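Written below as structure tokens is the structure these notes are about.
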Amino acid sequence: MRIAVASDHAGFDLKAAVARHLAQAGHQVTDLGTDSADVPVDYPTFGRAVGRAVAEGRAERGVGVCGTGIGIAMAANKVPGVRAAVVHDVTTASLARRHNDANVICLGGRTLGSAEAFDAVDAFFAAAFEGGHHQPRLDELAALDRLRPAGDPGAAAAAGPPAVEPPRRVGGAPRKAGAEP
Ligand code: RB5
């Protein structure tokens, strides 16, 4: 798989380790920076870079790393078409794919050890989106993307007609017990 990776200075060491781990597993890894743990940089730059790589099809998936994973995920999620998830373990990594069809995984270089990060990344790339009742929720997310102003470099990736408001799917028929986690 073609995977773009990016980090700020706080995520640099873990990003480099994850990039090596993914390359050893046979993935084609493109590193979008930053290039040092010693020079402070701003995570929005790198979150946007990894988000655009995925939204524009230069990569099938992205990995973003900052101190906590939070800032770089926030930035990546500003790019239409990106579903970036901060994950902390195997469970959140797997569910990010299975329920949210996340296309960018975000990790905390200051909150995760490399062994936990490798396990989470492996779970993320092993899991598949389950579709079904999760798909309408992704459709709502895509509709939210289409509310963004035109002209964003990633906007072309958010296919479909412009929406005024996302479709409302609240309430409705009662759920069967245990039907939708
Ligand atoms: C950088 O010091 C740190 O704030 C950043 O990497 C990240 O944790 C933000 O979400």
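How much length is gained on full extension from THR30 to MET1, taking 0.36 nm per residue of separation minus their Cα-Cα distance?
The THR30-MET1 span can extend by a further 9.4 nm.
Mind putting a number on the dipole of region 2-126 about its Cα centre? Charges go on the C-beta only, +1 for Lys and Arg and -1 for Asp and Glu, and I need it in Debye to the nearest 20.
Roughly 400 debye, rounded to the nearest 20.
Looking only at region 1-160, where both bridge partners belong to it, what percent of the DSSP beta bridges are antiparallel (to the nearest 5)?
Of the beta bridges lying entirely in region 1-160, close to 0 percent run antiparallel.
Does region 1-90 come out rounded, prolate or oblate, given a ≥ b ≥ c as the square roots of the eigenvalues of its C-alpha gyration tensor, rounded meaning a/c under 1.5 and, failing that, prolate meaning a/b above b/c?
rounded
Laboratory data are not the source of any read-out in this text; all were calculated from the coordinates shown. Predicted, not measured: the structure shown is a model, and the values here were computed from it. Neighbour counts are summed over all protein chains in view; Cβ atoms, including those assigned to glycine, are modelled from backbone coordinates with ideal geometry.
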